[in-house]
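Student: Sharing a structure below in structure tokens format, with a few things to ask.
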Amino acid sequence: MATTLLAASVVAAGAAVALASSADAATTLGASAAASGRYFGAAVAANKLSDSTYVGILNREFNSVTPENEMKIDATEPSQGQFSYTNADRIVSHAKSQGMQVRGHTLAWHSQQPGWMQNMSGAALRTAMLNHVTQVATHYKGQLSAWDVVNEAYADGNDGARRDSNLQRTGNDWIEAAFRAARAADPATKLCYNDYNTDNWSWAKTQAVYSMVRDFKSRGVPIDCVGFQSHFNSGSPYPSNYRTTLSSFAALGVDVAITELDIEGSGTTQATTYGNVVNDCLAVARCLGITVWGIRDTDSWRASGTPLLFDGNGNKKAAYTSALAALNGGVTPTTPPTTPPTSPPTGAGCTASVTLNQWNGGFTAAVRVTAGSAAVNGWAVTLTMPSGTTVTNTWNAVAGGSSGTIRFANASYNPRIPAGGNTEFGFQGTGTGPSATPSCAAS
């Protein structure tokens, strides 16, 4: 993915997402997403704004855009100190004319660097990178809802290491320096970190990014959001713990966004996965919205995998219908009740397992609930916390207490688990995470 076309949706200056009428919400992706205070966007190429079919779909269906390549380093500073914004400005102008949001992508990245930057290193490269961040963020000050400040800084693999790049070799604090420069240039725009293969909560890369964000928040480094590219195919499938990933990052006090969604495949399987992704975003209050990486299958960097919502002729696919239905059926997440349901589920038709992420003074826990040979229509997991531990936040479940032995019951939207299937919830706390085996009861 080092040369993957990346993006993060971009919002027209200070514009709030307007709530749609119920009639509108039933007919288009953008209006339906806006009904829950979110956006549904697309990556846009400036050279396709003369394609009437492309623009017709863009204007009708989406309320957010991400410049596909036009805001990347090689496009905006082709020669050192000489900046070019023509194509990016064209996209921003079109978005504004349609009342769309715009997200900027990207200020600092190891890829798609112009030749002059590729040939630099050390202090000179650090200075040039920070100047680029400052100049480009200043040019778009007040015009965007968010910036992907840093893109793809972590390597694939099982060690959670940083990617070895010319930027990384300027010093391990280069990401922090880029975020601080962006904040100084544009104090009001959300600042995001964006990456791929960070969708699965159990992966080392995901945990490494999570640790960085937690560290930044603890030290006051200005980070406001995290983008998940979410390029799904048979080699990197949609994970069952995707919602746990979004919820866990949101629990750190940052917004989350699905920034480059495409799902290879066709028919029912593809449609179901699109619906699942939409539902996962709707279930996380701090999920800002979803951007698909292109409009028609033929516009995609993975065109042979037919990964988008419209076919090459601009016709709506089954995946479109599924995504729209999920948007219209979704409910804006609300703060869960502080006490569990009065009638707990009973029975022994489920099991539970815990994955713990512990740090000095705190932890997050992801709990997988798995149904037995029969479907589950309600579940509850009981866990005993170590002395001195306090649960401070729970997602996708209702916690009956904050310390000692705690019973976590299903939320109103996830009581049912098919036979042999599973669902996940999570919680965050101070102190030491639980080590005892959880018990699970189901009805």
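Student: At R0 = 30 Å, how high is the FRET efficiency between THR355 and ARG219 if r is their beta carbon distance? Nearest 0.05 is fine.
Tutor: Once rounded, the FRET efficiency stands at 0.70.
Student: Another question, then. Going by average Cβ density within 10 Å per residue, which order do the peptides 160-170, 375-385, 141-151 take, highest to lowest?
Tutor: In descending order of packing, they fall as 141-151, 375-385, 160-170.
Student: Hey, another quick one. Going toward the positive end of the dipole of the chain, with +1 on Lys and Arg Cβ and -1 on Asp and Glu Cβ, which of SER304, ALA285, THR134 do you reach last?
Tutor: Value computed over the given set: ALA285.
Student: Give the shape of the chain as rounded, prolate or oblate, defined through the alpha-carbon gyration tensor: a ≥ b ≥ c are the square roots of its eigenvalues, a/c under 1.5 means rounded, and otherwise the shape is prolate if a/b is larger than b/c and oblate if not.
Tutor: oblate
Student: Measuring from a point 7 Å past the Cα of LYS48 along Cα-to-C-beta, which residues in the range 58-77 have an amide N at less than 18 Å?
Tutor: 58-72, by backbone N distance to the label point.
Student: Checking the cross-link filter: which aspartates and glutamates have an alpha carbon closer than 16 Å to that of LYS217, excluding same-chain neighbours under 8 positions apart?
Tutor: Leaving aside aspartates and glutamates fewer than 8 places away in the same chain, those within reach of LYS217 are ASP173, GLU176, ASP255.
Student: OK, next. Before rounding to the nearest 500, sum -39500 (n - 2.57) across all DSSP H runs of length at least 4 in the chain and divide by the residue total; then give [θ] at 222 nm in deg cm²/dmol.
Tutor: Estimated from H runs of four or more residues: -8000 deg cm²/dmol.
Student: What percentage of the solvent-accessible surface of the range 133-217, computed with a 1.4 Å probe over protein heavy atoms, is contributed by carbon and sulfur atoms?
Tutor: On the range 133-217, the fraction of accessible area on carbon and sulfur atoms equals 46 percent.
Student: Can I ask one more? Residues with beta-carbon under 12 Å from that of THR189, excluding THR189: net charge, scoring Lys, Arg +1 and Asp, Glu -1?
Tutor: My count for the surroundings of THR189 gives +1.
Student: Net charge around PHE408, counting only other residues with Cβ within less than 14 Å of its Cβ (Lys, Arg = +1; Asp, Glu = -1)?
Tutor: For residues surrounding PHE408, the net value is +1.
Student: Quote to one decimal, in nm, the extra length available between THR430 and SER121 on full extension: 0.36 nm per residue of separation minus the C-alpha distance between them.
Tutor: Between THR430 and SER121, full extension yields 107.1 nm more.
Student: Figure the gain on full extension for GLN135 and SER443 (residue separation times 0.36 nm, minus the Cα-Cα span) and round it to one decimal in nm.
Tutor: 105.0 nm
Student: Take ALA303 and ASP159, extend 7 Å from each Cα along the Cα→Cβ direction, and tell me the distance between the two endpoints in nm.
Tutor: Roughly 3.9 nm, to one decimal.
Student: Report in % the part of the accessible area of the range 350-442 that belongs to carbon and sulfur, leaving out ligands and nucleic acids; probe 1.4 Å.
Tutor: Whole-percent figure for carbon plus sulfur exposure: 47.
Student: So, one more: Tell me the net charge near PRO239. Cut-off is 13 Å between Cβ atoms, PRO239 excluded, with +1 for each Lys or Arg and -1 for each Asp or Glu.
Tutor: 0
Student: Taking the highest mean first, how do the peptides 234-240, 419-425 order by number of other beta carbon atoms within 10 angstrom per residue?
Tutor: Peptide ranking by packing, descending: 419-425, 234-240.
Student: What is the magnitude of the charge dipole of the range 107-222 about its Cα centre, with +1 placed on the Cβ of each Lys and Arg, -1 on the Cβ of each Asp and Glu, and no other charges, expressed in debye to the nearest 20?
Tutor: 380
Student: Then there is this: If you place +1 on the Cβ of every Lys and Arg and -1 on the Cβ of every Asp and Glu, how big does the dipole about the Cα centre of the chain come out, in debye to the nearest 20?
Tutor: Here the chain has a charge dipole of around 720 debye.
Student: Using only the alpha-carbon atoms, how far is helix 204-219 inclined from the longest principal axis of the chain? Give it as 0 to 90 degrees, nearest 10.
Tutor: That works out to roughly 80 degrees.
Student: Can you give the Kirkwood hydrodynamic radius for the range 350-442, in Å, rounded to one decimal and based on Cα pairs?
Tutor: Answer for the range 350-442: a Kirkwood hydrodynamic radius of 13.1 Å.
Student: Could you work out the relative contact order of the range 182-300? I mean the mean sequence separation of Cα pairs under 8 Å and 6+ apart, divided by the number of residues, in percent.
Tutor: 24
Student: Something else: Would you mind getting the accessible area per residue of the range 350-442, heavy atoms of the protein chains only, 1.4 Å probe, in Å²?
Tutor: On a per-residue basis, the range 350-442 sits at 40 Å².
Student: For the range 47-143, what does the accessible surface come to per residue with a 1.4 Å probe? Please give it in Å².
Tutor: 39
The values are calculated or read from the model by the stated rules, or taken from the named source; none is laboratory data. These numbers were taken from a predicted model, which means no experiment stands behind them. All Cβ positions, even for glycine, are placed from backbone atoms using ideal geometry, and neighbour counts span all protein chains on display. To get the accessible areas, we keep the full protein, side chains included, count just its heavy atoms, and leave off ligands, DNA and RNA. Shrake-Rupley method; radii C 1.70, N 1.55, O 1.52, S 1.80 Å.
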